[in-house]
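Some notes on the structure that comes next.
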Ligand SMILES: [Zn+2]
């Protein structure tokens, strides 16, 4: 039995940042958490996430192409993503979405093309999606309203406004919160975290990125999910136990292949 029945719903154990001590990190997860979900960002990382998921019973994979990688993505890659969805340890399509923050990313139209394509894969396979939305909130809302009927999923590391969050919540979507909600200057994310209905709440680390206080600046790791939950319990005026219980229930409901 792990120490906590808590999930890290979003981490990247495939990242090179874990090359030196991945085994140790995985052992820490086994001892302390109920499980983790590792989304891919392209073909190679999705395949690696699946390998880890098959090697470790407490790891689950998501497969897909991240908006920052779309410049390299082809239509054959989409076919491969869809084929991978039959694997029982693949629990979602992700991470997918739009990223307008960095000018070096693929043109917006190309990002939208592959984002919508992956939403359609979700529709056909019945799997949920894990969404990355950076500085693209307007287009994101429009696409979700128009192209994602019958699809559900989570906005990981949600960074939009409370107003937009209310629109997504009405459509049945979930919200993932991580290290950024422990930063005192993340007013918007903290405001949304305080508001989100408990049955739509997920926790994550986005390891190795987004390290929570008090380890900000160091490499992040899945067991730090506990710090995110402690902070959330304070913000929401509830207990850590209550949030662990409800968020784990949400993970199993949304990612229905997680056992
Ligand atoms: Zn991520």
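Annotations
- Arranged from fewest to most other beta-carbon atoms within 10 Å of their beta carbon, 66, 156 become 66, 156.
- Relative exposure of 123, 89, judged by other C-beta atoms within 10 Å (fewest first): 123, 89
- Gyration tensor verdict on the stretch 117-259 (Cα atoms; rounded if a/c is under 1.5, prolate if a/b is larger than b/c, oblate otherwise): prolate
- Label-to-label distance, nm, for residues given as residue 241 and residue 146 (7 Å Cα→Cβ offset): 4.9 nm
Here, each number is a calculation from the coordinates, and none is a lab measurement. Bear in mind the structure is a predicted one, so any value in this text is a computation, not a measurement. We place every Cβ from the backbone using ideal geometry, glycine too, and count neighbours over all the protein chains shown.
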